[in-house]
Amino acid sequence: MSMNFLRKLPIPMEIKKEFPLTEKAAKIKAQRDSEIADVFSGKSDKLVLVIGPCSADREDAVLDYIERIAKVQEEVKDKIVIIPRIYTGKPRTTGEGYKGMLHQPDPDKKPDMLQGIIAIRALHAKAIDDYGMSCADEMLYVQNYRYLDDLLAYVAIGARSSENQEHRLVSSGITVPVGMKNPTGGDLGVMMNSIVAAQSSHMFIYRGWEVETTGNPLCHAILRGSVDRYGTAHQNYHYEDLQQLSDMYAARNLQNPAVIVDCNHSNSNKQYLEQVRICNEVLHATRHSGDIKKLVKGFMIESYIEDGCQKIGGGVYGKSITDPCLGWEKSRDLIYSIAEQI
């Protein structure tokens with residue numbers, strides 16, 4: 001047999017019972033959930049910033065980052081809702097490389113899924129309890145979502161997952177905003193189909209249960225750029241792209257038309273410093289079109305304590321071991337600049 005079953009892992013209910021959400025954290029999350037939902041439903045004119053490391057690699061540096069971002073949040077709370085990124089699963093196109101804290105709670109050691117489950121739950125819980133910040137994570141594996149569902153403020157569905165039927169169906173049963181990225185090939189119609197599916201009700205099998213969902217009206221688009229068959233990156237954050245998406249939403253008659261612009265990945269061609277310029281260009285577009293202003297709900301920014309990235313074992317505290325990120329000072333200045341332009 002080519003698949004060895006190493007050990008039976010605890011189900012989410014068991015993990016939650018052992019590591020429960022505190023009463024304090026539950027109140028913070030409920031308040032933030034309401035505030036974030038108001039942005040996506042159009043009740044609030046604030047913008048959302050999903051910002052933080054490309055992947056969470058170590059608890060101390062991630063919590064250090066969140067402590068800093070929490071202080072900035074207090075300064076810009078009248079204009080911006082910050083949702084820190086704690087991305088604990090890292091998609092790997094070829095299957096090689098660091099797969100995230102869920103797999104390896106310590107990047108320098110062998111994978112340990114049980115300790116990974118405990119580590120990611122502890123990290124998300126500490127962000128709320130210690131700093132009042134419920135966070136975002138990517139739903140890379142739909143079966144694992146329930147380990148964190150009571151902690152998350154925002155769920156992202158990656159470019160390689162948004163076409164997947166199970167991701168779409170599970171998203172229809174999530175109560176917080178879910179962002180669907182356009183696929184790597186750039187087909188916005190595929191992304192719109194995923195939003196239609198997630199906003200609709202469904203019945204399906206999930207974790208051994210027959211489940212029924214009511215649909216998620218807060219599911220929305222994330223524009224992340226694309227890559228053509230020759231490997232060339234193409235951007236989709238420009239004025240014309242945003243207007244086209246607005247028209248596509250109108251044609252589909254979907255609930256709560258919204259887009260988050262991913263300022264890295266193919267939109268920046270992974271030139272992380274370009275994220276600042278991209279934010280400014282999108283904000284400029286919102287000042288010239290009422291449709292675009294209503295559509296754009298915020299940005300996704302890859303940011304950490306130090307600029308750039310390093311290999312595993314590089315030894316630089318707070319520097320990404322996956323995609324390059326915008327350093328802290330530049331990130332803080334960008335947040336202030338966005339707030340001034342709202």
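Report yes if some residue within the stretch 39-56 is touching a Lys or Arg at 6+ places or on another chain (Cβ under 9 Å), farther than 29 Å from THR286 by Cα and not aliphatic (A, V, I, L, M); otherwise report no.
yes
Kindly indicate which of ASP137, ASP108, ASP129 is in contact (Cβ under 8 Å) with a residue 60 or more places away in the chain and not in a loop (DSSP other than H, G, I, E, B).
Step by step, each of ASP137, ASP108, ASP129 is checked, and only ASP129 is in contact (Cβ under 8 Å) with a residue 60 or more places away in the chain and not in a loop (DSSP other than H, G, I, E, B).
Could you run through the stretch 175-203 and say how many residues are small (Gly, Ala, Ser) and touching a Cys at 6+ places or on another chain (Cβ under 7 Å)?
Number of matching residues: 1.
Looking at the stretch 244-255, can you tell me whether even one residue there is over 21 Å from the mean Cα position of the chain (by Cα), more than 23 Å from SER44 (Cβ to Cβ), in a helix (DSSP H, G or I) and polar (S, T, N, Q)?
Checked the stretch 244-255: at least one residue is over 21 Å from the mean Cα position of the chain (by Cα), more than 23 Å from SER44 (Cβ to Cβ), in a helix (DSSP H, G or I) and polar (S, T, N, Q).
Buried (at least 22 other Cβ atoms within 10 Å of the Cβ), under 21 Å from GLY52 (Cβ atoms) and among the aromatic types (Phe, Trp, Tyr): which single residue out of TYR141, TYR147 fits that description?
Answer to the check: TYR147.
Regarding GLY100, is this residue assigned to a loop (DSSP other than H, G, I, E, B) and under 16 Å from the mean Cα position of the chain (by Cα)?
Yes.
A quick yes/no check of all residues on (1) in contact (Cβ under 8 Å) with a residue 24 or more places away in the chain; (2) out of contact with any strand residue (DSSP E or B) (no Cβ under 9 Å at 6 or more places or on another chain); (3) closer than 19 Å to ILE222 by Cα:
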| position | (1), (2), (3) |
| --- | --- |
| GLN235 | yes, no, yes |
| ASN267 | yes, no, yes |
| LYS311 | no, yes, no |
| GLN341 | yes, yes, no |
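So TYR317 ticks every box in (1) of a type in the set (Ser, Thr, Tyr); (2) part of a helix (DSSP H, G or I); (3) out of contact with any strand residue (DSSP E or B) (no Cβ under 9 Å at 6 or more places or on another chain) but one. Which box is left unticked?
Failed condition: (2).
For the structure I just gave you, tell me whether VAL190 is within 20 Å of the chain's Cα centre (by Cα), free of Cβ contacts under 8 Å to residues at least 40 places away in the same chain and surrounded by fewer than 20 Cβ atoms within 10 Å (Cβ to Cβ).
yes
Residues being under 10 Å from GLY186 (Cβ atoms) and in contact with a Leu (Cβ under 8 Å, 6 or more places away or on another chain): count how many of those fall in the stretch 221-236.
Of the residues in that region, 2 qualify.
When you go through (1) of a type in the set (D, E, K, R); (2) surrounded by fewer than 20 Cβ atoms within 10 Å (Cβ to Cβ); (3) within 15 Å of the chain's Cα centre (by Cα) one by one for GLU212, which number turns out not to apply?
Status for GLU212: all satisfied but (3).
Could you count how many residues in the stretch 96-138 are of a type in the set (Asp, Glu) and either touching a strand residue (DSSP E or B) at 6+ places or on another chain (Cβ under 8 Å) or surrounded by 22 or more Cβ atoms within 10 Å (Cβ to Cβ) (or both)?
2
Against the conditions (1) among the small types (Gly, Ala, Ser); (2) at pLDDT 95 or above; (3) loosely packed, with under 15 Cβ neighbours inside 10 Å, where does GLY313 fall short? Just the number, please.
GLY313 satisfies every listed condition except (2).
Out of all the residues in the stretch 267-276, is one or more in contact with a helix residue (DSSP H, G or I) (Cβ under 6 Å, 6 or more places away or on another chain), under 13 Å from LEU295 (Cα atoms), among the β-branched types (Val, Ile, Thr) and modelled with pLDDT of 95 or more?
Within the stretch 267-276, none of the residues are in contact with a helix residue (DSSP H, G or I) (Cβ under 6 Å, 6 or more places away or on another chain), under 13 Å from LEU295 (Cα atoms), among the β-branched types (Val, Ile, Thr) and modelled with pLDDT of 95 or more.
Looking at PHE19, PHE40, PHE5, can you tell me which residue is in contact (Cβ under 8 Å) with a residue 60 or more places away in the chain and farther than 24 Å from ILE335 by Cα?
PHE19
When you go through (1) buried (at least 22 other Cβ atoms within 10 Å of the Cβ); (2) under 26 Å from PHE299 (Cα atoms); (3) touching a Gly at 6+ places or on another chain (Cβ under 6 Å) one by one for SER161, which number turns out not to apply?
Unmet for SER161, out of (1) buried (at least 22 other Cβ atoms within 10 Å of the Cβ); (2) under 26 Å from PHE299 (Cα atoms); (3) touching a Gly at 6+ places or on another chain (Cβ under 6 Å): (3).
The values are calculated or read from the model by the stated rules, or taken from the named source; none is laboratory data. This one's a predicted model, so the numbers in the text were calculated from it and none came from an experiment. Positions of Cβ are generated from backbone atoms using ideal geometry, with glycine treated the same way; all protein chains shown enter the neighbour counts.
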